[in-house]
Amino acid sequence: MTDRLGRGELGRRRARARLAKVLRLERSLEAMFLASQFAGLIVSVALARSIGPTGRGTITILAMWGVILGWLGAFSLDKAIIVMTKEEHGQFDAAEALAFCRSAVLTLTVPMVILAALVGHAVFRDQWYTVLLVMISAATAQGEIFAGWLLARGKRATYIAWRLLQPSSYVLSTVVVVVALRNIAASTRTLAVAVGLTMSVVGPVLGPLLVPRSGPVVRSGIAKMRDLLRFAIAAQAANILQYLNGRLDLLVLPFLVSTGQVGYYAVGAGAGQIPFLLGAAAAIRGITGQSRKTDAGGLLLVAAACASIIVTAPFVIPLVFGNTFRPSVVIAEILAGGALVNYALQSTSGRLLGINRPWDVAIAQGIGAIGFGCGIATFPTLRGAAWSSVASFAASAVAGQLLWQYRTGHRSTDPEATPG
């Protein structure tokens, strides 16, 4: 009996060791983001067939605005934790920075909740969606801070496992709703899916909130916290422009076209942007100092994903989502073509943040955001929004690469860069 228990414990330890090894692999970040995107695709298929374009558009608006408001509420303090705890930038302790940033984000929650309520009131007819939007926004902000803390401590495997909790729980809740509530009204199913989405965002944050806080910030540490805030302010300016550059299509379209058309665009974007999340892996490597140039292997991986989407979209989207969603095909093809430049852009942005140059990221992203605004104002259609997104990525990528070359060419005369 003892030998059997010993063998069982040894097997469990080996399984945990194998899992940890997989999570530490070089491409584990890309695998995580692909898994998240694949989960989103499963949900898209289920929702398109269960609640149709209008319900799909409602869920898209809720998720997009909730995440955007949450990221804004985090105030880029997640990035500040990573960069400002590096040895070359200061003497921050990750736990101390976590405690300070949590308190700061809680303070910022008040205006964020007000903004979420205003957005919900303007976009949704049912005010239950406004309540859910507020919950998603607040949970996303706290989750970003915890994610930054994990990366600052070098716990990449834990970061990956924790990040996968949200998409996996969202897929599970959506499948349950689609199967169990298939005979009730589509509007009720849509609300049930929205509740499941909210719980999938709130749930993974509850555990991290129990992470012990460090002691109170003493007066001798105030100056260090000011440095952290200065970086966060500069990075937040870059963040706002980055979100506008990358998501202005889905943020603006609800005000330009019908909810059903937003649903068509969301399905096309969900398929065409599958490779986009790989850019987040490049950004993480850049900001943590793991890379000094755009990863050729990552570019090849993205290129293969783009080519497969462009070739298969005309057949797969109508087959999976139904002929009703045929207008989504061209959106998927256009956005898939922009994934390569997005990967290069995210890599450069991460590296610029890693050398404490958040204002350079803001300049590059601002150039792209201005270009997108001009494009969508000139062509306020679904195709116009897609092409404007691709053009904005290209403009930002070129500007960011030029700034990176300029900054790294002058590093020898500027060894201790300040946010600028």
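The set of residues in segment 298-356 that are among the charged types (D, E, K, R) and assigned to a helix (DSSP H, G or I) comprises GLU333, ARG351.
Among the numbered conditions (1) surrounded by fewer than 18 Cβ atoms within 10 Å (Cβ to Cβ); (2) of a type outside the set (A, V, I, L, M); (3) under 25 Å from the mean Cα position of the chain (by Cα), the only one that ASN342 does not meet is (1).
Within the option set GLY354, GLY373, GLY366, GLY409, being at pLDDT below 90, out of contact with any Gly (no Cβ under 9 Å at 6 or more places or on another chain), closer than 27 Å to LEU228 by Cβ and not acidic (Asp, Glu) holds for one residue only, GLY366.
Residues are listed down the side, and each one gets a yes or a no for (1) under 20 Å from LEU250 (Cα atoms); (2) of a type in the set (Gly, Ala, Ser):
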site: PRO318; (1), (2): no, no
site: GLY354; (1), (2): no, yes
site: TRP359; (1), (2): no, no
site: ALA369; (1), (2): yes, yes
site: PRO380; (1), (2): yes, no
site: SER388; (1), (2): yes, yes
site: ALA395; (1), (2): yes, yes
site: LEU402; (1), (2): no, no
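Looking only at segment 247-263, decide whether some residue is within 30 Å of ARG357 (Cβ to Cβ), without any contact (Cβ under 8 Å) to a residue 40 or more places away in the chain and not aromatic (Phe, Trp, Tyr). For segment 247-263, residues within 30 Å of ARG357 (Cβ to Cβ), without any contact (Cβ under 8 Å) to a residue 40 or more places away in the chain and not aromatic (Phe, Trp, Tyr): absent.
Taking the conditions (1) among the charged types (D, E, K, R); (2) out of contact with any Asp or Glu (no Cβ under 7 Å at 6 or more places or on another chain); (3) closer than 28 Å to ILE287 by Cα; (4) touching a residue at least 40 places away in the same chain (Cβ under 8 Å) in turn, GLU144 satisfies each one other than (2). If the condition is being surrounded by fewer than 19 Cβ atoms within 10 Å (Cβ to Cβ) and charged (D, E, K, R), then segment 164-203 contributes only ARG182.
Tell me whether segment 253-267 contains one or more residues that are modelled with pLDDT under 80, part of a helix (DSSP H, G or I) and in contact with a Ser or Thr (Cβ under 6 Å, 6 or more places away or on another chain). Looking for residues that are modelled with pLDDT under 80, part of a helix (DSSP H, G or I) and in contact with a Ser or Thr (Cβ under 6 Å, 6 or more places away or on another chain), one finds at least one in segment 253-267, hence yes. Could you pull out the residue among ARG230, ARG219 that is surrounded by fewer than 18 Cβ atoms within 10 Å (Cβ to Cβ) and either at pLDDT 80 or above or touching a His at 6+ places or on another chain (Cβ under 6 Å) (or both)? Only one candidate passes the filter, namely ARG230.
Considering only residues that are in contact with a Leu (Cβ under 8 Å, 6 or more places away or on another chain) and surrounded by 18 or more Cβ atoms within 10 Å (Cβ to Cβ), which ones fall in segment 288-326?
Selection gives THR288, GLY298, LEU301, VAL302, ALA305, CYS306.
Taken over segment 17-54, the residue count meeting the criterion of being β-branched (Val, Ile, Thr) and modelled with pLDDT under 75 is 1. How about segment 160-176: which of its residues are farther than 14 Å from ALA35 by Cα and not hydrophobic (A, V, I, L, M, F, W, C)? Of everything in segment 160-176, those that are farther than 14 Å from ALA35 by Cα and not hydrophobic (A, V, I, L, M, F, W, C) turn out to be SER173, THR174.
The values are calculated or read from the model by the stated rules, or taken from the named source; none is laboratory data. Just so it is clear, the model here is predicted, and its values are computed rather than measured. Note: ideal-geometry Cβ built from the backbone for every residue, glycine included; neighbour counts use all protein chains shown.
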